[in-house]
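Some notes on the structure that comes next.
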Amino acid sequence: MSIFSHKLRLSDNPPSASWRSGPRGFTLIELLAVTVIITIITLTMLLRQSSFDSTTVLRSVTYGVALSVRQAQVYGVSVLGANNAGAVTYAQAYGLYFGRTMPNTYLLYADFNRNGGYDNGETVKVFTLSPGYTIAEACVVQTSGVKNCTGSDDSAGTYTVDSVDIQFRRPNPDAVFNNNAGYVSAWVKVQAKSGTFRSVLITGPGQITVQAPGTLP
């Protein structure tokens, strides 16, 4: 009788806590919270990456414009032959042409007729900007500081010149702007679709400088 009672008492004991607790999964609320956090982190990283890529491409496009100005300068002070209607002609001057109606391209040309500017048939190379980037405006600056630009960034939506012509004539590395001695410098504004921009400044003595992001000369 005592043995049977002892067995009954043992079987009546509840299972220990360690036996009841096993592997436990996430609740639905915990899974949702983790998913939201991961989504926020991912979106933040993608947005920052997109901004970084845009800034990098804008920098590359702007420096490409600066290098093309340098290329025209090198061609202008050297003896370089260019194809002129099937014949090799040694132009006295080379330049870059930025037209008001050409927001995505600009031209490297050889001044075959020596009139101090670009004319049809003088194109040596056409430069095309990356998709989403434009020449927002190109400006020439007078000795007095007054600027004349191709763009329409002002409130009136007007422009003051149809084009900006930057030319280099052998043997000097100096720049001549729109064939006018009254202009002392020029600059070109490269803009991304987002509105961010950089600019290239070209001075009379032939110095070429890429400006800091978001600043104009």
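The values are calculated or read from the model by the stated rules, or taken from the named source; none is laboratory data. A quick note: this is a predicted structure, and the numbers were derived from the prediction, not measured. Ideal geometry is used to build each Cβ from the backbone, glycine not excepted, and the neighbour counts take in all protein chains shown.
Some notes on this structure:
- Candidates are the residues of the stretch 164-182 that are assigned to a strand (DSSP E or B) and modelled with pLDDT of 95 or more; the one that is nearest to N104 (Cα to Cα) is V164.
- Qualifying residue in the stretch 126-134 (condition: modelled with pLDDT of 95 or more, farther than 30 Å from T55 by Cβ and not acidic (D, E)): no
- Of all residues in the stretch 72-113 being of a type in the set (G, A, S) and part of a strand (DSSP E or B), the one that is farthest from Y133 (Cα to Cα): A87
- Considering only residues in the stretch 44-59 that are exposed (fewer than 13 other Cβ atoms within 10 Å of the Cβ) and either at pLDDT 70 or above or not in a helix (DSSP H, G or I) (or both), the one that is farthest from the chain's Cα centre (by Cα) turns out to be T44.
- Any hit, the stretch 139-161, residues being aliphatic (A, V, I, L, M), at pLDDT 90 or above, outside any loop (DSSP other than H, G, I, E, B) and within 21 Å of the chain's Cα centre (by Cα): no
- Residue in the stretch 185-203 that is at positive phi and without any contact (Cβ under 8 Å) to a residue 12 or more places away in the chain present: yes
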